[in-house]
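**Q** For reference, the structure I am asking about is given below.
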Amino acid sequence: MEKVDIIVLGAGPAGCAASIRCRQAGLSVVMFDANSEPKISPGETLHPGVEPLLKQLGVFDQILQAGFRRHRGIWLKRGDLSQFLPYGEDINGPWLGFQAERRTLHRILQQAAVDLEVRLIRKTRPEAVILEENRVTGVMVDGNYFHATWTVDATGRSAWLARELKLPAIICSPPLGVRFGWRNEEIAGFEGQPSLAFRFDGWDWQAPLAGNQTAWVELRIGELGEGSPGGVNLTWQWRSECAGPGFFLLGDAAATLDPSSSHGVLTALMSGIFFGHLVENYHRKGVNEAVIIEVYRKWLYLQFEQDRRRLRQHYANSPAGQRFINQSSY
Ligand SMILES: Cc1cc2nc3c(=O)[nH]c(=O)nc-3n(C[C@H](O)[C@H](O)[C@H](O)COP(=O)(O)OP(=O)(O)OC[C@H]3O[C@@H](n4cnc5c(N)ncnc54)[C@H](O)[C@@H]3O)c2cc1C
């Protein structure tokens with residue numbers, strides 16, 4: 001039997017941010033990941049708002065050194081109309097996003113966690129959740145008991161702990177199926193910037209990466225992509241019970257929007273950092289458990305709701321608006 005302050009399940013952006021922030025607060029952390037090393041995965045486009053988060057996690061210099069391509073904004077195509085939407089600028093120049101190859105991003109985050117003495121156990125999945133008097137007190141892994149004050153679900157859309165605890169997901173969009181891949185050619189005509197082209201049944205996304213590679217994503221309304229190659233279900237959903245006695249859900253495990261929000265990684269990092277801040281207050285300043293649970297639930301709801309409304313408006317104003325509204329049953 002082992003006992004730590006925090007167990008983190010999943011070493012993606014949410015799990016690493018939580019681990020790093022908790023170690024910065026002097027809490028003991030063990031983090032499990034299902035894979036032996038970070039996998040190739042989609043989702044390279046990071047909003048410039050990610051910069052202060054990367055600085056707070058102490059990885060900004062490594063991210064700059066990784067040589068990811070930068071971009072100034074996004075081309076938006078609706079029917080015959082093409083418009084460039086810059087992120088903005090200040091006296092230092094335009095704000096830039098990153099096209100971050102995800103394996104490299106995860107490696108940098110995981111290494112930063114390990115450097116802070118997070119115990120990262122790879123190629124390991126939890127087998128069962130340990131519950132004592134309706135409180136999550138840890139997980140069983142490879143036949144061993146790991147106990148913690150807090151167990152964190154950062155397993156992404158698979159939401160392992162949320163499913164084990166049967167926490168309901170609230171669906172907030174029509175079914176949205178996504179396919180994705182990479183091409184070994186540069187996209188023409190968009191000045192090296194990503195482009196989002198709306199169609200009557202969804203949208204197509206292209207983002208130039210380093211080395212003349214282009215990432216592509218296609219979203220179709222009313223189709224669930226799970227059955228097709230590379231297909232995933234990205235129907236908008238969130239869990240109102242995203243924190244409770246002994247547990248927190250972070251990142252995609254707590255709430256998912258489709259990639260056109262361009263906030264997936266940003267929100268995952270923010271949820272991890274905010275979780276660390278709350279448990280620091282619990283452990284170091286004696287803030288009540290019920291308070292940090294309630295504050296997190298409200299915070300997640302407000303984040304999700306703000307993004308959901310913005311995105312819904314985006315769809316409503318696009319050629320996909322009619323189909324989006326017609327197929328909405330929520
Ligand atoms: C096609 C596509 C395109 C996207 N494009 C963008 C984009 O351009 N920009 C953007 O910001 N976001 C994008 N996203 C969303 C973004 O990828 C997610 O929001 C983000 O990765 C969520 O981070 P996370 O840490 O919550 O989960 P993940 O990144 O999914 O990490 C979960 C981690 O948990 C591990 N894990 C899973 N199950 C278990 C288990 N049972 N036990 C232990 N470990 C486990 C996994 O190995 C992984 O390391 C895109 C998503 C898709 C599908």
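**Q** Bins of 10 Å, beginning at zero and ending with the bin holding the largest distance: percent of Cα pairs per bin for the chain, please.
**A** Taking all Cα pairs of the chain, the binned fractions are 6, 26, 34, 24, 10, 1, 0 percent.
**Q** Also, quick follow-up: Separation between the Lys55 and Asp142 pseudo-spin-labels, each 7 Å from Cα along Cα→Cβ, expressed in nm?
**A** 4.0
**Q** Going from the alpha-carbon gyration tensor of region 134-213, what semi-axes, largest first and in whole Å, does one get by taking the root of 5 times each eigenvalue?
**A** On the way: eigenvalues 330, 75, 19 Å².
One finds semi-axes of 41, 19, 10 Å for region 134-213.
**Q** Tell me the relative contact order for region 166-308 as a rounded percent, counting alpha carbon contacts under 8 Å between residues six or more apart. Write down the numbers at each step before the final one.
**A** Details: 228 pairs, mean separation 33.6, N = 143.
In percent, rounded to a whole number, it is 24.
**Q** At 222 nm, what helix-only mean residue ellipticity would the chain give, in deg cm²/dmol to the nearest 500, using -39500 (n - 2.57) for each DSSP H run of four or more?
**A** That calculation yields -9500 deg cm²/dmol at 222 nm.
**Q** Return, ordered by residue number, the residues of region 163-180 whose backbone nitrogen is under 12 Å from a label point located 7 Å along Cα→Cβ of Ser240.
**A** 168-171
**Q** Counting other beta carbons within 10 Å of each Cβ, put Cys242, Cys16 in order, fewest first.
**A** Values: Cys242 24, Cys16 31.
The order, fewest Cβ neighbours first, is Cys242, Cys16.
**Q** Treat each spin label as a single point 7 Å out from the Cα along the C-beta direction, and report the Lys285 to Glu117 distance in nm.
**A** Here the modelled spin labels are 2.4 nm apart.
**Q** Taking the Cα centroid of region 59-97 and of region 135-155, what is the distance between the two, rounded to the nearest whole Å?
**A** First find each Cα centre; the distance between them is then 39 Å.
**Q** Report relative contact order for the chain in percent, whole number only (criteria: Cα-Cα under 8 Å, sequence separation at least 6).
**A** Values: 702 pairs, mean separation 74.3, N = 330.
Across the chain, relative contact order equals 23 percent.
**Q** Tell me the label-point distance for the pair Asp90, Arg157, using the 7 Å Cα-to-Cβ offset, in nm and rounded to one decimal.
**A** Between Asp90 and Arg157, the label points sit 3.5 nm apart.
**Q** Which of the peptides 254-263, 122-131 is most tightly packed, and how do the rest follow, judged by the mean count of other Cβ atoms within 10 Å per residue?
**A** For the peptides 254-263, 122-131, the packing ranking is 254-263, 122-131.
**Q** Using +1 on the beta carbon of Lys and Arg, -1 on that of Asp and Glu, and nothing else charged, what's the dipole of the chain about the Cα centre, debye to 20? Display every interim value, and only then the final one.
**A** Values: 35 positive and 35 negative charges, 59 e Å.
It comes to approximately 280 debye.
**Q** A further question follows. How do Phe84, Phe32, Phe190 line up, fewest other C-beta atoms within 10 Å first? Numbers along the way, then the final one.
**A** Numbers: Phe84 13, Phe32 25, Phe190 18.
Listing Phe84, Phe32, Phe190 from fewest to most nearby Cβ atoms yields Phe84, Phe190, Phe32.
**Q** Something else about it: Treat the count of other C-beta atoms within 10 Å as a stand-in for reagent exposure and order Ile292, Ile6, Ile325 from fewest to most.
**A** Details: Ile292 20, Ile6 26, Ile325 13.
Ordered by Cβ neighbours within 10 Å, fewest first: Ile325, Ile292, Ile6.
**Q** Please report how far the C-alpha centroid of region 110-133 lies from that of region 302-330, rounded to the nearest whole angstrom.
**A** Comparing the Cα centres of region 110-133 and region 302-330, I get a distance of 36 Å.
Throughout, read-outs are computed from the coordinates displayed, never taken from laboratory work. Since we're looking at a predicted model, the values are computed, not measured. When we count neighbours, we look across all protein chains shown, and the Cβ atoms used for this are built from the backbone with ideal geometry, even at glycine.
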